[in-house]
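The values are calculated or read from the model by the stated rules, or taken from the named source; none is laboratory data. Only a predicted model underlies this, so the values are computations on that prediction, with no experimental measurement involved. Glycine gets a Cβ as well: all are built from the backbone with ideal geometry, and neighbour counts include every protein chain shown. The protein model used for the area step is the full one, side chains on, heavy atoms only, and it has no ligands, DNA or RNA in it. Shrake-Rupley method; radii C 1.70, N 1.55, O 1.52, S 1.80 Å.
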Amino acid sequence: MQTALITGVNGFAGRHLARLLKCKNYKVYGTTRSPGFFMPVNMINGLVVTQLDNKDSWIRILNEVKPDVVFHLASQSNVKIAWEQPSLAFLSNTMTALYLFEAVKQVSKNIRIISVGSSEEYGFYKEMEFPIKEESFPHPSNPYGVSKHSVALLARQFYEAFDMDIIHVRPFNHIGPGQRRGFVVPDFAYQVAKIEKGIQKPIISVGNLSSKRDFTDVRDIVEGYELISRRGLKGQTYNICSGKPVVISDLLEILISLSSSQIQIEEDPGKLRPIDIPIYYGSNEKIIEHTSWARSIELTQSLEDVLEEIRKEEWLENL
Ligand code: GDD
């Protein structure tokens, strides 16, 4: 039986990954910054509350849990917040990963690390070629992307210099049940649900609708993490994506079409960003070739599931 440690197990992807690993008979341990709002205790064998902000706590956890594989998901993953607090993005994303690499080097180099980066590492420049491949030139366009690309560089360095078993993954936008507000799909879906309940005027407030992104359901993304942890090659980087660009306005149209309410759209300048990457979509050839990963959930299904989950939320019922 494999033992896995998931950092950020209380997060959006963390909870889905814990469920998947449990189904696949892993012994699952998780870390969380605060035990607060959701604790999947029945899904995991142990939960450690920790900030992961120094090497010693990492060493303690690794010695206690003795994982075969660490899925390092814990991070500050909101691009807009990273614009507002870039130093926080660096502390949460770059420093935490660096402490992990240092600690694993000291405890046991047999531990496989799945280092979770982001498609934001590629950023955007005029001559960019699509779909984006793993070897594309990285030009991150925001502090979040820089913080994650720094992790990628450190991962490569620890692999090359110390032969550590690190794989860096670059998931593109993930969506699905359990995602918190602050990301485009829940931001829109909560408003649709509130309009349906009559607690918001029938106007959805939006940011930039012209950008194009590559969306994959979180349940397919975590399937990718697990496959990569077994079949991926040490020292490699893998995109996880659908390979198809979707205009944000189309996403909104689909969500609105899932509701019987009449809904208007209004741009809120406060939701725009200093730089918003106009388009990105990736190539998933490598992950498919190396691991036989396949997407199983289509975009409309993900949006239906998100909306359905939000409609059932208690706070909406009680308002
Ligand atoms: N969040 C949000 N809210 N975005 C909006 C809104 C809104 O009301 N209206 C329009 N958008 C636009 C954003 O300007 C952006 O162009 C696009 O929708 C997607 O925004 P997000 O969902 O916030 O995602 P992101 O692309 O900035 O970053 C996400 O994907 C990365 C992977 O590609 C995050 O999940 C990152 O953590 C992740 O690494």
task: Could you tell me whether LEU251 is in contact with a Phe, Trp or Tyr (Cβ under 6 Å, 6 or more places away or on another chain) and either open to solvent by 30 Å² or more (accessible area, probe 1.4 Å) or among the hydrophobic types (A, V, I, L, M, F, W, C) (or both)?
output: no
Is at least one residue of region 58-69 within 16 Å of the chain's Cα centre (by Cα) and of a type in the set (D, E, K, R)?
no
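What do you reckon, is TRP83 farther than 20 Å from THR237 by Cβ, among the aromatic types (Phe, Trp, Tyr) and open to solvent by 60 Å² or more (accessible area, probe 1.4 Å)?
Taking the combined requirement at face value, the residue satisfies it.
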When (1) open to solvent by less than 60 Å² (accessible area, probe 1.4 Å); (2) within 16 Å of the ligand (Cβ to nearest atom); (3) part of a helix (DSSP H, G or I) are applied to SER75, the one that fails is (3)
Expected output for region 263-291 (first residue within 11 Å of the ligand (Cβ to nearest atom) and open to solvent by less than 40 Å² (accessible area, probe 1.4 Å), partner at pLDDT 95 or above and not in a loop (DSSP other than H, G, I, E, B), Cβ below 7 Å, 6+ apart or cross-chain) is ILE279/LYS212; TYR280/SER119; TYR280/ILE132; TYR280/ARG213; GLY282/SER119; GLY282/ILE132; GLY282/ASN239
Within region 157-209, the count of residues that are touching a residue at least 24 places away in the same chain (Cβ under 8 Å), under 21 Å from TYR238 (Cα atoms) and open to solvent by 60 Å² or more (accessible area, probe 1.4 Å) comes to 4
Over region 102-141, the set of residues within 20 Å of the chain's Cα centre (by Cα), closer than 23 Å to ASP165 by Cα and assigned to a helix (DSSP H, G or I) is SER119, GLU121
Discussion item. Kindly evaluate GLU253 against the criterion of being assigned to a helix (DSSP H, G or I) and away from the ligand (no atom under 16 Å from the Cβ).
Written reply: no
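Can you say whether GLN157 is among the polar types (S, T, N, Q) and within 16 Å of the ligand (Cβ to nearest atom), as far as the supplied structure shows?
Values: among the polar types (S, T, N, Q): yes; within 16 Å of the ligand (Cβ to nearest atom): no.
The answer is no for GLN157.
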### Task
Would you check if GLY30 is assigned by TED's automatic domain parsing to the domain that holds SER118, open to solvent by less than 60 Å² (accessible area, probe 1.4 Å) and touching a residue at least 24 places away in the same chain (Cβ under 8 Å)?
yes
